[in-house]
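Each remark here refers to the structure printed beneath this line.
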Amino acid sequence: MDHSSSPPKPKPITTTKTAVATTSPPLLRRLISVDSKLSLHLHTLAKPLLSPSLLLLLELSADFRLFFPLSLSLLLAPATAADRLRPFLVPFLLGLLLDLALVGLLKILVRRSRPHYNPNNMSVAVSVDHFSFPSGHSSRVFFVAASFFYSSDLDFFSLATAVWAWAAATALSRVLLGRHFVVDVLAGACLGVLEALFAFRFLRFEKFLF
């Protein structure tokens, strides 16, 4: 009798992506699939029609490294006509920091990779910028637009339409440029509006600072 046994078959290697794909609820997998296809379709459709320079300009206009130093310099400037901005700038700056923290935390927790067609021309400052969900640019621009809406200190009504249009164009550009998926942008926009509501209702400390 032949007592020899065949060697055991190697177990299949399970990667993180495979594990996530098999353990995610079917509805979530369906949503991710539709989101990915729609985002790629919009990116492909816009690529021959829109100048990459325009999309990159919108990206730069919403950079945290532009908004925060500029706002902080106005807040710390000597007594000038900018004093009228101080009641607005305190919750605005705190909201920007809150946005930076929440977006970074969510990116680390969700760890969704950016689209594979994302052009390799990003100015990556920290490792979480390699992740896609939610869109930090979208949350920031909608935070700015909603801040103008929620603030009762200054009359920004004349700028409201232009700011909301800029926010929408910048958020859309994230998908068209290939930086993000559609759901990333929608989640970022909702987050930014909620952050502005919180900042201008609960983070008003200027009376204790000035």
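The values are calculated or read from the model by the stated rules, or taken from the named source; none is laboratory data. The shown structure was predicted, so the numbers you read here are calculated from the model rather than taken from an experiment. With ideal geometry, Cβ positions are generated from the backbone for all residues, glycine too; neighbour counts draw on all protein chains shown.
Would you mind telling me which numbered condition in (1) surrounded by 11 or more Cβ atoms within 10 Å (Cβ to Cβ); (2) over 21 Å from the mean Cα position of the chain (by Cα); (3) at pLDDT 85 or above THR18 fails?
Condition (3) is where THR18 drops out.
Could you look through the range 76-91, keep only residues that are modelled with pLDDT of 70 or more and under 19 Å from PHE148 (Cβ atoms), and pick out the one that is surrounded by the fewest Cβ atoms within 10 Å (Cβ to Cβ)?
So the residue we want is ARG84.
Restricting to the range 93-121, and then to whatever is at pLDDT below 85 and exposed (fewer than 14 other Cβ atoms within 10 Å of the Cβ), can you tell me which residue is nearest to THR44 (Cα to Cα)?
Restricting attention to the range 93-121, the residues satisfying the condition of being at pLDDT below 85 are 118-121.
Pick out the ones that are also exposed (fewer than 14 other Cβ atoms within 10 Å of the Cβ) and you get 119-121.
Working: PRO119: 13, ASN120: 16, ASN121: 18 Å.
Out of the qualifying residues, it is PRO119.
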